[in-house]
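Report on the structure given below.
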């Protein structure tokens, strides 16, 4: 059994007001070429097909045309898709019966729990698709679905799909995530023993968890500058038979428009703009690397950077080749201040003190911490409101 494992396509992302549908279409053409070359039995897409719950018509067209192209590249391949936390399950699953005609199974929470049989007992597999649900429900849903698969699997390998943050993962390369702890789930040992491979989505950096039994394929297209420092592609997974370990190799997916942070070391705004101007004359997204301690940004910093970017307009697209997007401002004081803040979970948000919210905001922006007098003023205002 050979399969392609991928996830987190985020089609329809608007990246600093730049539409990325063309990049997503190129990414899907690359996956179609991989499918044509590898001739897999399965394509597993483990959630976050779209970047938003209400994707544009262009995003939906990109998705539909891309999946059909992948199917045409390898018509014998079965595709299984689960919804992720960015997806609207009802929208993603609206045409699920129609998609069956192209060998595509789209599974949302309303359809979860039913195993999908692929091939015969000698060469096939049982896919257990578990779409994104709140973490409190995920463990039980996974256990029930895997139990159902064991009853019908015979000698077939069992492959679990899920879109969750699994305990033991690394968030390295995800520094842009909100200052809130992930809601992790644990996958119990009985499930791990029963399945042959767990195809995960949700985390964009490729990595193995659960002693290699589970893997995040990562996103084939980086969605943030902090994701530009590691490889992006799809996984080719081979499972010879039930009970034997899967072998995995990553196939890179070419990046149409790179995400660059320049220069390598933080510097002044003028030097950073000069570094952007010195980039090769190809299309790229640019984040300027600023030394906030020694070179604070002026009030018109963004306009200066945009003016430099606009000077690189490509007549063919009427868009800049060097697309200034953001600043990465480095401040030693910010890092020291942030290190003293506790980690919070999603459930903590309801009870977190307003003063701590302010402290976190100041830390993330590099501003000075609240003074004792400022704390007193805030407490007095809150007391008056009560």
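Here are a few things to note about the model shown:
- Odd one out for residue 5 among (1) within 21 Å of residue 83 (Cα to Cα); (2) part of a helix (DSSP H, G or I): (2)
- Scanning the stretch 107-146 for residues being part of a helix (DSSP H, G or I), closer than 25 Å to residue 41 by Cβ and modelled with pLDDT under 95 gives a total of 1.
- Taking the stretch 292-316 as the range and being over 13 Å from residue 273 (Cα atoms) and in contact with a strand residue (DSSP E or B) (Cβ under 9 Å, 6 or more places away or on another chain) as the test, the residues that pass are 292, 293, 294, 295, 296, 313, 314.
- Count - residues of the stretch 217-231 that are on the phi < 0 side of the Ramachandran plot and touching a helix residue (DSSP H, G or I) at 6+ places or on another chain (Cβ under 9 Å): 3
- Test: residue in the stretch 158-177 that is more than 18 Å from the chain's Cα centre (by Cα), in a loop (DSSP other than H, G, I, E, B) and either on the phi < 0 side of the Ramachandran plot or buried (at least 18 other Cβ atoms within 10 Å of the Cβ) (or both): no
- Some residue of the stretch 112-128 being over 23 Å from residue 157 (Cα atoms) and out of contact with any helix residue (DSSP H, G or I) (no Cβ under 7 Å at 6 or more places or on another chain): no
- Qualifying positions in the stretch 236-266 - surrounded by fewer than 18 Cβ atoms within 10 Å (Cβ to Cβ) and more than 30 Å from residue 27 (Cα to Cα): 241, 243, 244, 265
- Only one entry of 269, 297 meets the criterion of being touching a residue at least 12 places away in the same chain (Cβ under 8 Å), crowded, with 19+ Cβ neighbours inside 10 Å, outside the structural domain of residue 45 (by TED's automatic domain parsing) and more than 29 Å from the chain's Cα centre (by Cα), and that entry is 269.
- In the stretch 29-54, the qualifying residues are those that are surrounded by 24 or more Cβ atoms within 10 Å (Cβ to Cβ) and in contact with a helix residue (DSSP H, G or I) (Cβ under 8 Å, 6 or more places away or on another chain), and the one that is nearest to residue 256 (Cα to Cα) is 31.
- Helices (runs of 4 or more DSSP H) wholly inside the stretch 10-106 that include at least 3 residues being closer than 25 Å to residue 200 by Cβ: 21-38, 57-73, 89-92
- Every condition in (1) more than 30 Å from residue 150 (Cβ to Cβ); (2) at pLDDT below 95; (3) more than 14 Å from the chain's Cα centre (by Cα) holds for residue 230 except the one numbered (3).
- Qualifying residue in the stretch 281-294 (condition: closer than 26 Å to residue 28 by Cβ and modelled with pLDDT under 95): yes
The values are calculated or read from the model by the stated rules, or taken from the named source; none is laboratory data. Please read all numbers here as calculations on a predicted model, not as lab measurements. Counting neighbours? That spans all protein chains shown, and the Cβs are built from the backbone with ideal geometry, glycine included.
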